[in-house]
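What follows is a single structure, written as structure tokens, with notes after it.
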Amino acid sequence: MMTGVEARGLKDWPKMFEAEYSFAKVSVGVAVCALIMAGGALGEKKNWSRGARAGVVPAVMLLAIVLFYAAKLSIGFSLDDARKHGWVGETPPPLSASGEKAGWRGIPMLAPWQLYFPETGAGAVFANVMRVLPRVLPSWLAMVAVVAFSSSLDVAAIEMELGRPLDYDSELQTVGLGNLASGLLGGFSGSYIFSQTILNMRSGVADRTSGLV
């Protein structure tokens, strides 16, 4: 992930260090992880409040972004150079042939209403949905089953950590509503990340603020 190289096995690992700046990218990722761990350890040692400990990860991520752009400016590394060498994502192509919506304003994720009210009209959206629905319905039903099953396993893991049962119906409804909102906004499906939940619990930051962050 840090190098942008796909590694499907151990034999692909050397490829991660063949590209330019690959070692530097891995080093940055390791440094960020080390800072997060050090911040968590310091917060536990100094007995920080829950809010302070919950802010370690976002604070380190923000610091990494600030330091990156500060270093970029100090060495004269332009944004185009950063894109060329894989430090920053490529600018998405324009949505229209005229190029009127080029740049970040043309990213569909930042304009989800265009999914339902495009220039061609809402009728075209409905027609396209009905056209592809028979093909995607089996995959959709399979995805529902997979997400429900994986979420049940995650809930079971959290139950083991808590030592008490949870309301499965309520938890699955939460996952379903979250996926519904994500789909309406053009996002992806997902389920629980029980490891993060358990980490928050053991760190003493298991509250709604931590979930929002």
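Throughout, read-outs are computed from the coordinates displayed, never taken from laboratory work. A quick note: this is a predicted structure, and the numbers were derived from the prediction, not measured. We place every Cβ from the backbone using ideal geometry, glycine too, and count neighbours over all the protein chains shown.
Calculate, in nm to one decimal, what residue 156 and residue 207 gain on full extension: separation in residues at 0.36 nm each, minus their alpha carbon distance.
Answer, rounded to one decimal: 16.4 nm.
Using 7 Å Cα-to-Cβ label points, what is the residue 188/residue 139 separation (nm, one decimal)?
For the pair residue 188/residue 139, the computed spacing is 1.4 nm.
Would segment 1-81 count as rounded, prolate or oblate if I go by the C-alpha gyration tensor, calling it rounded below 1.5 in a/c and otherwise prolate when a/b exceeds b/c, oblate otherwise?
Here segment 1-81 falls in the oblate category.
Are there trypsin sites (Lys or Arg not before Pro) in segment 1-75 that DSSP marks as loop and that have at most 15 other Cβ atoms within 10 Å, and which are they?
8, 46
Would segment 122-200 count as rounded, prolate or oblate if I go by the C-alpha gyration tensor, calling it rounded below 1.5 in a/c and otherwise prolate when a/b exceeds b/c, oblate otherwise?
prolate
How much length is gained if the chain between residue 148 and residue 34 is pulled fully straight, taking 0.36 nm per residue apart and subtracting their Cα-Cα distance, in nm to one decimal?
37.6 nm
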